[in-house]
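Here the structure comes first, spelled out in structure tokens, and everything after it is commentary.
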Amino acid sequence: MTGRPHLREVSRYGWFLRQPRYLRYMARELSCVFIGAYAAMLVVALVRLAEGRQAFEAFVHWLMQPASLVFHLFVLAFALYHTSSWFKLAPKAMPMQIGERFVPEAVIVGAHYALWLVLSLALLYAAGAF
């Protein structure tokens, strides 16, 4: 047998637009960029806090700008999407077995959401939100 095997042409930039699951995968990967930018912004906030009250107040004033608020909404949306997509993948990444039976996927996903809710409420309570 000679010759090269048949290789399919794959678009270099738009390959993920062909199937919805590829698009969801790329959206989840893109969410990391926004979450990383938010983490960098938190580091800047710590630096401004270390520089003194005036620098930190200027930073907080910058956070009140409309562009910053839109950025925070994008980060929140991507963080929620990223979290929910990983919760859906959790049963496939770490299937739990009790005896001879596997724990249903819905139970594992539900446990993740329940723990997320409990931790969020505890954090809000600790912050004095209620």
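The values are calculated or read from the model by the stated rules, or taken from the named source; none is laboratory data. Note that the structure is predicted; figures quoted are calculated from it, not measured. Methodologically, a virtual Cβ is constructed for each residue, glycine included, from the backbone with ideal geometry; neighbour enumeration extends over all protein chains shown. Accessible surface is based on the protein model in full, side chains and every heavy atom, while ligands, DNA and RNA are left aside. Shrake-Rupley method; radii C 1.70, N 1.55, O 1.52, S 1.80 Å.
Annotations for the structure displayed:
- Protein heavy-atom surface of the chain, 1.4 angstrom probe: 70% of the accessible area is carbon and sulfur, with nucleic acids and ligands not counted.
- Listed values [x] 31; [y] 27; [z] 60, entry calculated as percent of Cα pairs over 23 Å apart: [z]
- Mean separation of Cα contacts under 8 Å, 6 or more apart, over the residue count of the chain: relative contact order %: 19 percent
- The chain: DSSP helices with Cα axial extent of at least 27 Å and average Kyte-Doolittle hydropathy no lower than 1.6: 105-127
- Highest-MSF residue in the chain out of S85, S31, S68 [GNM, Cα springs under 10 Å]: S68
- Calculated FRET efficiency, A106 to L23, Cβ-Cβ distance, R0 = 41 Å: about 0.95 to the nearest 0.05.
- Highest-first packing order for the peptide set 69-75, 92-98, 48-54 is 69-75, 48-54, 92-98, based on the mean count of other beta carbon atoms within 10 Å.
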